[in-house]
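*Asks:* Questions regarding the structure given below will be posed in turn.
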Amino acid sequence: MEIKQQLPNATLILIFGIASIVTCFCYGILGLIFGIIALVLAKKAKEIYHANPELYTGYENLKAGRICAIVGTILSSIYLLIIAVYIIFLGAMMPWSEIINQ
């Protein structure tokens, strides 16, 4: 009987996935960083698990962390896009001709 071991980085993926949701409103940058790192780690851990599923536990943490990372990445992307549009809108509304001609 083989002893099952914890899937590598499963808990870290869950933590980064949750962190991507929590930090998605920090101008979207931190949430994107955490989300992308969690998704890359999840892809590698998923490949390891599917190679030998009988050797590992913690696949539930991997799935939950991956879902959190996807949600956090999407929310961060949307928020970053809103901030970019807002900055562009403010730049378009500035009276540049008055500022330049002073």
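No value in this document is a laboratory result; all are computed from the given coordinates. In this text, all values refer to a predicted model and were calculated from it rather than measured experimentally. Cβ sites come from the backbone with ideal geometry, for glycine too, and all protein chains shown count toward neighbours.
*Asks:* Around Thr57, which amide H atoms from residues at least 5 apart in sequence, or from another chain, sit under 5 Å from its own amide H, with H modelled in the peptide plane?
*Replies:* Amide H to amide H, under 5 Å and 5 or more residues apart or across chains, Thr57 pairs with Gln5, Gln6, Leu7.
*Asks:* Just flag the GluC sites (Glu not before Pro) in the range 1-87 sitting in loop per DSSP whose Cβ has no more than 12 other Cβ atoms within 10 Å.
*Replies:* Working: sites: Glu2, Glu47, Glu54, Glu60; in loops: Glu2.
Taking the range 1-87 and a limit of 12 other Cβ atoms within 10 Å, the loop GluC sites (Glu not before Pro) found are Glu2.
*Asks:* Helix-only mean residue ellipticity at 222 nm, the chain, DSSP H runs n ≥ 4 weighted -39,500 (n - 2.57), per residue, nearest 500. What is it? Intermediate values should be presented prior to the final figure.
*Replies:* On the way: 4 runs with 76 residues, N = 102.
The per-residue figure over the chain is -25500 deg cm²/dmol.
*Asks:* Report Rg/Rh for the chain, rounded to two decimals, where Rg is the Cα radius of gyration and Rh the Kirkwood radius. Before the final figure, lay out each step's value.
*Replies:* Numbers: Rg = 20.4 Å, Rh = 15.3 Å.
With Rh from the inverse mean 1/r over Cα pairs, Rg/Rh is 1.33.
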